[in-house]
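Right, one structure below, let's go through it.
What follows draws every value from the coordinates through simple rules; no lab data is involved. Just so it is clear, the structure is predicted and the values come from calculations on it, not from any experiment. Please note: Cβ atoms are built from the backbone with ideal geometry, for glycine as well, and neighbour counts cover all protein chains shown.
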Amino acid sequence: MKRKNKSLLIFALVMLIMSISLIKVNAVTQTLPIPKINISVDNASTPKEYVDNIKLLLLLTVLTLLPSIVIMSTSFVRIIIVLSLFKNAIGLQQAIPKEVIIGLALFLTFFTMAPTFTKVNNEALTPYLNNKITQQVAIDKGSKPMRDFMLRQTRAKDLKLFLDVGKLQNTVKNQVDAKGKVILTNGKPKLTYDNVPLYAVVPSFLISELRRSFEMGFLLFIPFMIIDIVTGSILMAMGMMMLPPVMISLPFKLLLFIMVDGWNLLVKSLIMSFS
């Protein structure tokens, strides 16, 4: 009976605390009403409200495309591939969670892309939100820092591939008029780093990143592969064929990686590869 009374008393106290908290929440919501969010363009009564609703719709659209933009036009591709290849090379497929690798790649991406993102914010996003420039001007100014970053990391051979396949190369024929000035006829404007189309820059940047990340991954595999070969040879010489060589070589891989301060070297190499 005493235990039953104690249980009833505890249950009554819990219900009392929950009722008091609900009363407080209701009081707060009554004093601080939650603002209504309306993104409908039809209900705009003034031009300013109409423009604000359009900006909000554009922002929501960009947020839905943000993961693809981050993957295709930033340093994320190289970083995540190198980290994944390193995890396979050292033999820690299960020890290092996938979430840790993705999180580290994201933060390294934010670090390496910080100067570029700062330029985009200062030159395009902030002036556009302050109604100092138009949307088209903001797109042009915002895409320039991203184009410069991607072109610095893109091989000329890869860029030339998409320019040739897309027939975007310069086909300008020069003629001289009566005053001796050169005029352009029967052709396209000359392509420079400032006017190369982004739909040609992004795929060329991606295949350049894939090639460079595979090169870095190959260099990561070499020392760990040597340890596996030596360990397997020693075990075979000792007649221990039933013992998995990976089980013996893994501690030596970890020891080597710790002795050379591997995480510092790996992250430093990734960051310096974008400089």
Counted neighbours (other Cβ, 10 Å), sorted fewest up, put L56, L83, L104 in the order L56, L104, L83
Subtracting the Cα-Cα distance of I96 and L63 from 0.36 nm times their residue separation yields 9.0 nm
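Hey, fewest Cβ within 10 Å first, where do I222, I101 land in order? If you can, show how the numbers build up before the last one.
On the way: I222 9, I101 16.
The fewest-first ordering by Cβ neighbours comes to I222, I101.
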Restricting to Cα pairs under 8 Å and 6 or more apart, the percent relative contact order of the range 74-272 works out to 25
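Give me S208, S275 sorted ascending by neighbouring Cβ count inside 10 Å, so fewest comes first. Don't skip to the answer; put the middle values down first.
Details: S208 21, S275 6.
The fewest-first ordering by Cβ neighbours comes to S275, S208.
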Here the FRET efficiency for K268 versus R155, based on Cβ atoms and R0 = 41 Å and rounded to 0.05, is 0.95
